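The values are calculated or read from the model by the stated rules, or taken from the named source; none is laboratory data. Just so you know, these numbers come straight off a predicted model, no measurement behind them. Note that each Cβ is placed from the backbone with ideal geometry, even for glycine, and that neighbours are counted across all protein chains shown. Surface accessibility is based on the protein's heavy atoms, side chains included, excluding ligands, DNA and RNA. Shrake-Rupley method; radii C 1.70, N 1.55, O 1.52, S 1.80 Å.
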Amino acid sequence: MKILEAQSAVLTNIEVYKFLNDQAKQYHDQKRRGPANLETLRKEMLQYFESHPNPLSQKPLPYDTSAIPKLIQRLRPYEISKGELAMIINMRPTSVANLNAVLEDMEERFGEDQQQEIVDIVIEVLGQFPPPAEEEDQGDAMQTTEE
Amino acid sequence: MFILTKIADLVQITPSQFDQQSHIAIENNINAKYSNRVIQKIGLCICMYDLLWASEGLIGHGTGLVNVNVEFRMIVFRPFKGETLFGKISGATQEGLSIHTKFFDDIFVSYKELPENTEYDHNEKAWVWVVDEERMHYDKNEMVRFQVIDETWRDQIPDSAEEEALDKAKKLSPYSISGTMMKEGLGICLWWDES
């Protein structure tokens, strides 16, 4: 084994989630199974992504990979780093407290109005969980997606 | 949280796999070797992302194995330092909290990285954050947000071929992550999401 390039790209959770789901479907259609270590790992990863409050646990999926360039474009004026953008896509902060968890020195870099603007853009592009009253329906929808 | 790593390797296809199409046999061999395994200083391998190149197959002398040189990209779990991710509490000791992500278990948050006024409850074996007289528990199986502050790599090469040394090497976790919850928005998800 030889490592040719340690890191040739960064993938967001939605990209990995989509890849693994597509793979599971493809294997199923071709009536084949991957090696046992992969089958177990894939199952565990899909379970992880579909655990609340991970945004990918929301069904139907609140956003797909086409949301990534859109979000980057909308957040351009705020000078958010690439790593922070990846976290915003993965964690989907829909409140200022949750935004603080993914931005470095948020309070020094952004005023209160700006913090709220960023949260509003995240909600607009990536969606948010419906209010708690509807939560039970969401729970049932989640169950049916698991094998 | 995930990266793509470009790798070159030799794949050996056994005669029992000759009924499979070549690209499937190659993919299965790569995943059987790498999936759910740690490469030192790279991360936890998930699965092959795409096959970039493959040589002609060459049959080995006396073995019947078909040798193929390949280059491929691997999806790898490798959160960067400073990255915030979701996890679940798997246990607590006086030293701190153990966290897992379902597919990766070796995450630890030291008590020094929990917010001020957090204490260990010996009876309940749980850490408790005391805020204005209210006692908020870091309960087992709760979902949390934590931030990666460091990573540790341990090669599992045993000191000798003796069974004891082999067992000892196997117990070492090849890749472990230390995290922090000392920032507003980190810690139990429910604390921040109920609003």
(message) How are the alpha carbon pair distances in the protein assembly as shown distributed across 20 Å bins from zero to the largest one, expressed in percent?
(response) 27, 55, 17, 1
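Quickly estimate the mean residue ellipticity at 222 nm for chain A, helices only: each DSSP H run with n ≥ 4 gives -39500 (n - 2.57), and the total goes over all residues, rounded to 500.
-17500 deg cm²/dmol
What per residue convex hull volume, in Å³, do the alpha-carbon atoms of region B:42-104 yield?
Working: hull volume 10.5 nm³, N = 63.
Per-residue hull volume (Cα only) is 167 Å³.
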(message) Rounding to the nearest 10 and keeping the result within 0 to 90°, find how far the Cα-based axis of helix B:22-34 lies from the longest principal axis of chain B.
(response) 40
(message) On a 1.4 Å probe surface of the protein chains, which of B:H61, B:H122, B:H100 comes out largest in accessible area, and what is the full order?
(response) B:H61, B:H122, B:H100
(message) Please report the carbon-and-sulfur percent of the accessible area for region B:52-144; probe 1.4 Å, protein heavy atoms only, DNA, RNA and ligands left out.
(response) 45
(message) What does the buried accessible surface come to for B and A, summed over both chains, with the probe at 1.4 Å? Round to 100 Å².
(response) 4100
(request) Per residue of A:28-39, count partner chain C-beta atoms within 10 Å of its C-beta, then hand back the mean as an integer. (result) 4
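Determine the gain in length on full extension of the stretch B:H23-B:S173; use 0.36 nm per residue of separation and subtract their C-alpha separation, reporting nm with one decimal.
Difference between extended and current length: 50.7 nm.
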(request) Order these peptides, B:114-121, A:37-44, by their mean beta-carbon neighbour count within 10 angstrom, highest first. (result) A:37-44, B:114-121
(request) Pop the C-beta distance of B:N141 and B:N67 into the FRET formula with R0 = 35 Å and round what comes out to the nearest 0.05. (result) 0.15
(request) Apply the membrane-span-like helix rule to chain A: whole DSSP H runs, Cα extent along the own long axis of at least 30 Å, mean Kyte-Doolittle hydropathy at least -0.5. List the helices found. (result) none
(request) Quick one: how many lysine pairs does region A:19-74 have with C-alpha atoms less than 18 Å apart and a gap of 8 or more or different chains? Give me the count, please. (result) 4
(request) For chain A, state the semi-axes of the equivalent ellipsoid (square roots of 5 times the eigenvalues of the alpha-carbon gyration tensor), sorted largest first and rounded to whole angstrom. (result) 31, 22, 12
(request) Enter the accessible area per residue of chain A (Å², integer; probe 1.4 Å; all protein chains in place). (result) 54
(message) Going by Cα centres, region B:1-35 and region B:107-172 are how many Å apart?
(response) 35
(request) Determine the residues within region A:89-131 where the difference in accessible area between the chain on its own and the full set of protein chains amounts to at least 50 Å²; count protein heavy atoms only and use a 1.4 Å probe. (result) A:M91, A:A97, A:N98, A:N100, A:A101
